[in-house]
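*Asks:* The structure is given below, and queries will be raised subsequently.
The values are calculated or read from the model by the stated rules, or taken from the named source; none is laboratory data. Small disclaimer: the values here were computed from a predicted structure and weren't measured. For neighbour counting, all protein chains shown are included, and Cβ atoms are generated from backbone atoms with ideal geometry for every residue, glycine included. Side chains included, ligands, DNA and RNA excluded: accessible areas come from the protein's heavy atoms. Shrake-Rupley method; radii C 1.70, N 1.55, O 1.52, S 1.80 Å.
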Amino acid sequence: MKGRDAKPHIGIFGRRNNGKSSLINCLAGQDVAIVSEIPGTTTDPVKKSIEIPGIGPVVMIDTAGTDDAGELGNKRVARSKEVIRTIDLAILLLAGNLFDQEEESLIEQFNHWEVPFLVIHNKSDLETLSPNLTQRIQTTTGLPVFEFSALYPDHREELIHLIRRSIPETAYLTKSLVGDIISQGDLVLLITPIDQEAPEGRLILPQVQAIRDILDNDAIAVVTKEREIDTLLKRLSPRPALAITDSQVFKKADASIPEDIPLTSFSTVLARYKGDFENYLAGTPRLSELQNGDKVLILESCAHQVSCDDIGRIKIPRWLSSFSGKQLQYEVVSGLNKVPGRMTDYSMVIQCGGCMITRKQLINRLKPAIDAGIPVTNYGMAIAYMHGIYERAVAPFVKLDPGSTSYL
């Protein structure tokens, strides 16, 4: 399942016929998911966009039953469990006083991927949860069990309040991209090349997000192509308080933007905004340690039209091979697709800005590498490092300790 929506993601998990689709319809206040008494109606994970008061738009993910059987059923269960690393909140839906190894396996996965979850016992109009099982679940999870009936949702508002209380605020409260490093009235220069990868008639999402964030902070956004920088700087007043460039023209921007004007890239801004910035800072200098035969994993977390000079598939491998002087192998994985082989097969992971996915999806995308001790970096930070302008690129956000890879 590809992460193409930056709204908070909530996954519903449980056995067949526990009422997962009915719960989504109940929360949405309309029939958005197919409901049937036939077990296994939902096969592959299905996304439904709904509005939850106090949170706003969210993506609900309806998954296949975890007790599905047979070769095809096992594949459905595996697909459902893959969803866990992409969500901000999990709902474990029980019914009929059933709680066993299948539910405990899900809880292990929630904990492994650090996904908060809540436990709901559905169909309480037919059978309430026994006191003994209530105690067992609370001992296992450390959470209370919410009794509910999607058919007779008298406690719908209480459930919505529980969801709102359980989902991390970081999943739906938007922080500023650059609001903490600019002031009201500041002029911010945005450098956006129009090349083969630029979408017809519009800007790419990180550029649009930056413009909106600058305006939200009562500052002024000025947008130019890279070849107009020198002429524009002679005419601009006031002087830019910050310049943000597309990573592909970092070297040109560095040469044109005076040293006293802070310079960074859209990808570096996104690295701090939703990426694992601390691990990026630690991992980026490890680009200098790559050896012949090392495999480099490039993660582009969206699906886009590949051009003949694609940034992730063509330019970064070309620049990195030239920078390292080594014979390297490259693997590119798009969307949230599985990584081929074992994570330990790779010596470096380079992640795109992640503008099309949630922070949780991006963090969990990198988690296997970080857990395995594999260094990670980001498109913009890697490009800046390879072009010798890494310290300048991250300086607006951190101060590097001279002569080391740590920061002050």
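*Asks:* Taking Rh as the Kirkwood radius computed over C-alpha pairs, what is the Stokes-Einstein D of region 242-303 at 25 °C in a medium of viscosity 0.890 mPa s, expressed in µm² per second?
*Replies:* In µm²/s, the coefficient rounds to 177.
*Asks:* Suppose a student asked you for the relative contact order of region 107-182, using Cα pairs under 8 Å spaced at least 6 residues apart; what percent would you report?
*Replies:* About 31 percent, as a whole number.
*Asks:* By its C-alpha gyration tensor, with a ≥ b ≥ c as the square roots of the eigenvalues, how is region 179-281 shaped: rounded for a/c under 1.5, else prolate for a/b larger than b/c, else oblate?
*Replies:* Since a/c stays below 1.5, the shape of region 179-281 is classed as rounded.
*Asks:* Could I ask something else about it? Tabulate in residue order the Karplus-calculated ³J(HN,Hα) for region 221-237, using 6.51 cos²θ - 1.76 cosθ + 1.60 with θ = phi - 60°, rounded to whole Hz; enter x for Gly and Pro.
*Replies:* Whole-Hz 3J(HN,Hα) from phi for region 221-237: 9, 10, 10, 8, 7, 5, 7, 9, 4, 4, 5, 5, 4, 6, 9, 6, 8.
*Asks:* Dipole size in debye (nearest 20) for the chain around its Cα centre, Lys and Arg Cβ +1, Asp and Glu Cβ -1?
*Replies:* Result for the chain is approximately 780 debye, rounded to the nearest 20.
*Asks:* Sticking with this one: Efficiency by 1/(1 + (r/R0)^6): what FRET value for VAL208 and ASP125, r their Cβ-Cβ distance, R0 = 56 Å, to the nearest 0.05?
*Replies:* 0.75
*Asks:* Kirkwood Rh over alpha-carbon pairs of region 279-403, then Stokes-Einstein at 10 °C and 1.306 mPa s: what D in µm² s⁻¹, rounded to an integer?
*Replies:* Answer from the Stokes-Einstein relation: 107 µm²/s.
*Asks:* In terms of modelled amide H atoms, which long-range or inter-chain residues lie less than 5 Å from the amide H of SER265?
*Replies:* The answer is THR245.
*Asks:* Excluding ligands, DNA and RNA, what is the solvent-accessible area per residue of the chain at a probe of 1.4 Å, expressed in Å²?
*Replies:* 46 Å²
*Asks:* What percent do you get for the relative contact order of the chain when only Cα pairs under 8 Å and 6+ apart count?
*Replies:* 15 percent
*Asks:* Another one. Hey, if you put +1 on the Cβ of every Lys and Arg and -1 on every Asp and Glu Cβ in the chain, which of SER22, LEU93, ILE374 ends up farthest toward the positive end of that dipole?
*Replies:* Final value for the positive-end residue is ILE374.
*Asks:* Once every DSSP H run of n ≥ 4 in the chain is given -39500 (n - 2.57) and the sum is divided by its residues, what mean residue ellipticity at 222 nm do you get, rounded to the nearest 500 deg cm²/dmol?
*Replies:* Here the helix-only value at 222 nm equals -9500 deg cm²/dmol.
*Asks:* List the residues whose amide H sits under 5 Å from the amide H of GLY354, counting only those 5 or more places along or on another chain, with H placed 1.01 Å from N in the peptide plane.
*Replies:* Residues meeting the criterion, in which the H sits 1.01 Å from N, are SER301.
*Asks:* Over the Cα atoms, compute the radius of gyration (one decimal) and Dmax (the largest Cα-Cα distance, rounded to a whole number) for region 58-126, in Å.
*Replies:* 12.3, 34
*Asks:* Rounded to the nearest 20 debye, what is the charge dipole size of region 66-153 about its Cα centre when +1 sits on each Lys and Arg Cβ and -1 on each Asp and Glu Cβ?
*Replies:* 140 debye
*Asks:* What is the Cα centroid distance between region 310-352 and region 121-135, reported in whole angstrom?
*Replies:* So the separation of the two Cα centres works out to 50 Å.
*Asks:* Could you list, in their original order, any pairs among LYS225/LYS338; LYS251/LYS326; LYS175/LYS338; LYS81/LYS274 whose Cα atoms are separated by more than 27 Å?
*Replies:* LYS225/LYS338; LYS175/LYS338
*Asks:* Just how many % of Cα pairs in the chain lie over 30 Å apart, if you round to the nearest whole percent?
*Replies:* 48 percent
*Asks:* How much of the DSSP beta bridge set in the chain is antiparallel, as a percent to the nearest 5?
*Replies:* Antiparallel bridges: around 15 percent, rounded to the nearest 5.
*Asks:* Still on this structure: Give me, ordered by chain and number, the residues 5 or more places off MET348 or on other chains with an amide H under 5 Å from its own placed amide H.
*Replies:* LEU297
*Asks:* Another question, then. So if a site counts as exposed when it's one of the GluC sites (Glu not before Pro), its DSSP state isn't H, G, I, E or B, and it has at most 15 other Cβ atoms within 10 Å, what's the longest stretch of the chain without one?
*Replies:* Longest stretch, sites excluded: 260-408.
*Asks:* Please report the carbon-and-sulfur percent of the accessible area for the chain; probe 1.4 Å, protein heavy atoms only, DNA, RNA and ligands left out.
*Replies:* Carbon with sulfur: 48 percent of the solvent-accessible area.
*Asks:* In Å and on Cα atoms, what radius of gyration and Dmax does region 92-201 show?
*Replies:* Just the Cα atoms of region 92-201 yield Rg and Dmax of 22.6, 65 Å.
*Asks:* Quick one: grab the alpha carbon gyration tensor of region 266-351, order the square roots of its eigenvalues as a ≥ b ≥ c, and give me rounded if a/c is under 1.5, else prolate or oblate depending on whether a/b is larger than b/c.
*Replies:* It comes out rounded by the Cα gyration axes.
*Asks:* Quick check on region 161-231: take the gyration tensor over C-alpha atoms, sort the square-rooted eigenvalues as a ≥ b ≥ c, and tell me if it's rounded (a/c under 1.5), prolate or oblate.
*Replies:* It comes out oblate by the Cα gyration axes.
*Asks:* With an 8 Å Cα cut-off and a minimum separation of 6 or more residues, compute the relative contact order for region 258-399 in percent.
*Replies:* 38 percent
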